[in-house]
Structures are given as C-alpha cells and as structure tokens.
Amino acid sequence: MQSPAPANLITGFLGVGKTTAIRHLLAEARPAGERWAVLVNEFGDVGVDATRFEDDAAIEELPGGCLCCTLGAPFRIALARLLRRSRPSRLLIEPTGLGHPARILDLLREFEQQGAISLRATLTLIDPRQLDDPRVAGHDAFLDQAQLADVLVAHKTDLCSAGERATFQAWARSLYPPKQRIEEAAHGCIDPAWLDESAGRAGPAGSAAAPHHAGHHDHHADRAATPEPGRPVRAEQAGGAAAACGWIFHPDDAFNRQALLRALETLRGSQRVKGVVRTGRDWLRVDVDADGVRMEATAWRGESRLEIIGPADGISWAATEQALLAARRDAGE
C-alpha cells in the first residue's frame with residue numbers, strides 16, 4: 001500500500017512567481033523516477049496555468065474562483081481525482097494569488113486524517129517590493145498568506161534593493177507565530193528541503209476567520225461555447241475589489257508579435273496578465289506586471305489564451321478585446 005503523499009500549499013499574492021517556483025521544483029528538485037502532482041487554482045474562468053507546466057507531472061486545474069470560494073464538492077472531487085489518477089510521490093497545491101489559505105488547510109487536514117496525504121509546510125512567496133504597495137500589503141488575502149506560512153520566502157530578490165530586503169526581513173521577524181524559516185530566492189529557485197518542514201506552526205486549523213467576499217459576482221463563460229476565428233470566448237469575473245477577464249481564441253487566430261506587445265504594454269497597470277499565445281509558427285508564454293512584458297517560448301500547442309486580473313473599476317473588457325483582436329496577424333498588421 002502506497003504511503004500518503006507529502007503535500008505542500010504554495011501561496012503568494014498575484015505575480016509573485018508561484019508558478020515559476022513550482023516549475024523549478026518539477027524540473028530541478030524532483031528525484032529521478034518520482035511522479036509529482038500539481039493542483040492549480042485560478043481566479044478567472046479561463047484556465048491558463050495548467051498550460052505552463054511543460055513536464056510529465058500530473059496536473060489538475062480548478063478555475064472559476066479562488067479556492068476558498070470553490071471549496072466543498074469541486075475541490076474534493078478535483079483533489080481526489082488527481083490523487084487517484086496519478087498516485088503521486090508529492091502533491092503541490094497552487095491557489096490563486098487572491099486566495100485565503102486557512103480554509104484550504106482545513107480541507108487538506110481532512111484528507112490527511114483519511115490517510116490520503118501527509119501535510120507538510122505551507123510556503124508563502126512574497127516580493128519584498130509589495131510591502132511598499134498599499135493595494136497589496138493591506139489586502140486581507142496577502143496578510144492571511146503571510147500569517148499562515150510555515151516558510152516565508154522573499155522572492156524576486158534579484159530585483160530588490162538592499163533596503164527592501166532588509167525591510168522584508170524585519171517585517172517577517174515581527175510576524176506571530178514566528179516562522180520556521182525566513183528565506184530568500186530568485187527565479188523560482190526554491191530549496192526542496194523547505195518542502196519537508198513540518199506543517200502547522202502558524203496556528204491550529206480554524207484559527208483564521210473564513211474569508212468574506214463582498215459583492216462576489218460572476219459572469220461565467222458558456223463552458224460549451226466554441227471560439228470562432230476573430231470571435232473569442234470571453235469569461236468575466238468580479239469579486240470585491242478584484243476583477244478578472246479571460247479569452248480563449250480560435251486555434252487559427254495568430255498574433256503579430258510587435259502589435260501584441262504594444263497592446264500588452266497598455267495593460268501594465270493591471271495586477272497581473274498571463275497567457276499563452278500563437279504568433280505564426282511560434283507559441284509564447286506571456287506575463288505582464290509592473291516590471292514589464294515578458295515573452296518566452298513554450299511547448300504549448302492549442303488555442304491562444306489570455307487572462308487579466310486587475311481592479312474592478314477602470315477596465316473596459318470590450319475595449320481590451322478589440323485591442324487584442326486588432327493585434328492579430330490578419331488584422332492589417
């Protein structure tokens with residue numbers, strides 16, 4: 001009989017690099033011959049993150065809201081299916097950057113009591129520069145993620161000043177309960193030894209109040225809808241101060257790289273933009289945040305997908321869609 005799989009929750013606010021860290025662990029830290037599984041949650045309805053793992057790991061995606069709102073039957077079914085299908089040597093769970101970890105950990109403890117998993121440390125990644133951004137540092141999800149971390153990791157430290165790193169260290173040491181580890185990393189280079197720290201030093205199950213999502217409202221895409229050339233399927237979602245919109249394009253829709261870059265540059269004020277897009281024969285992984293627009297080659301082959309997470313006001317999804325459509329190769333560029 002297989003032993004319960006060690007399981008880690010890897011949290012962090014939008015754009016902090018959780019997916020990059022998990023990709024590093026899969027590529028560089030996983031022992032030879034071991035099969036790892038990843039449960040990915042996205043705030044919006046258009047699944048993007050599962051396309052970003054180019055590995056033989058077992059991937060299960062749960063789109064359409066943060067895990068704290070999709071807990072219950074959808075989460076239990078997705079996790080049970082993933083464990084049954086892959087029988088992993090380790091399970092990594094990546095909630096959306098807007099997710100509160102307390103209720104997720106409560107549910108994982110139920111799976112642990114059933115003998116399905118062995119819960120290990122919760123890792124929370126924080127960009128030290130976020131401490132200077134009141135939109136992030138004052139967000140209840142950010143505070144919950146830091147509070148419940150067993151291992152707190154300053155990520156993207158290559159982009160931080162010495163003062164920003166020192167501020168992070170002082171802030172991290174002020175948190176209670178104290179962390180098992182306070183570490184630094186860049187480019188997703190997470191030490192796999194951190195995964196095996198024990199869980200639960202940050203407080204007992206149920207110690208945090210269940211999150212309240214005021215005004216949560218969804219405009220879900222028709223799951224059966226099929227995009228047509230030049231007519232993508234669009235999914236919108238809003239919850240409190242956050243909003244998300246995603247697009248799935250027809251496989252024949254290809255983008256002009258320079259025109260797309262110009263369109264994406266206008267979105268740097270959003271909290272996060274991510275996707276996979278086709279530019280002729282090439283496919284690119286796209287990330288946009290305050291640091292700029294990044295594109296890199298990807299092995300993904302399918303339809304182009306793009307998702308934007310940003311403030312609930314000040315964004316016209318219709319205008320954004322028109323700008324994206326104008327960046328297609330057959331749109332005169």
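What follows draws every value from the coordinates through simple rules; no lab data is involved. Small disclaimer: the values here were computed from a predicted structure and weren't measured. Every residue, glycine as well, gets a Cβ built from its backbone with ideal geometry; the counts of neighbours run over all protein chains shown.
With θ taken as phi - 60° and the coefficients 6.51, -1.76 and 1.60, list the Karplus ³J(HN,Hα) couplings across the range 166-173 in order, rounded to whole Hz; mark glycine and proline as x.
These are the phi-based 3J(HN,Hα) values: 5, 4, 4, 4, 5, 5, 5, 6 Hz.
Each residue of the range 278-289 in order: what ³J(HN,Hα) in whole Hz does its phi give by Karplus 6.51 cos²θ - 1.76 cosθ + 1.60, θ = phi - 60°, with x for Gly and Pro?
Listing the rounded values in order: 9, 10, x, 7, 9, 10, 10, 8, 10, 9, 9, 8 Hz.
Determine, for each peptide in 150-161, 77-88, the mean count of other beta carbons within 10 angstrom over its residues, then list the peptides with the highest first.
150-161, 77-88
Any idea how far apart Gln322 and Asp140 come out in nm if each label point goes 7 Å out from Cα toward Cβ?
Reported label-point gap for Gln322 and Asp140 is 3.7 nm.
Can you tell me which of 17-30, 244-257 comes out highest on packing, and rank the rest after it, using the mean Cβ neighbours within 10 Å?
Working: 17-30: 19.4, 244-257: 22.1.
Ranked from most to least packed, the peptides come out as 244-257, 17-30.
Using θ = phi - 60° and the Karplus relation 6.51 cos²θ - 1.76 cosθ + 1.60, list the HN-Hα couplings for the range 116-127 in order, rounded to whole Hz, with x at every Gly or Pro.
In residue order, the calculated couplings are 7, 9, 10, 6, 10, 4, 8, 9, 10, 9, 9, 7 Hz.
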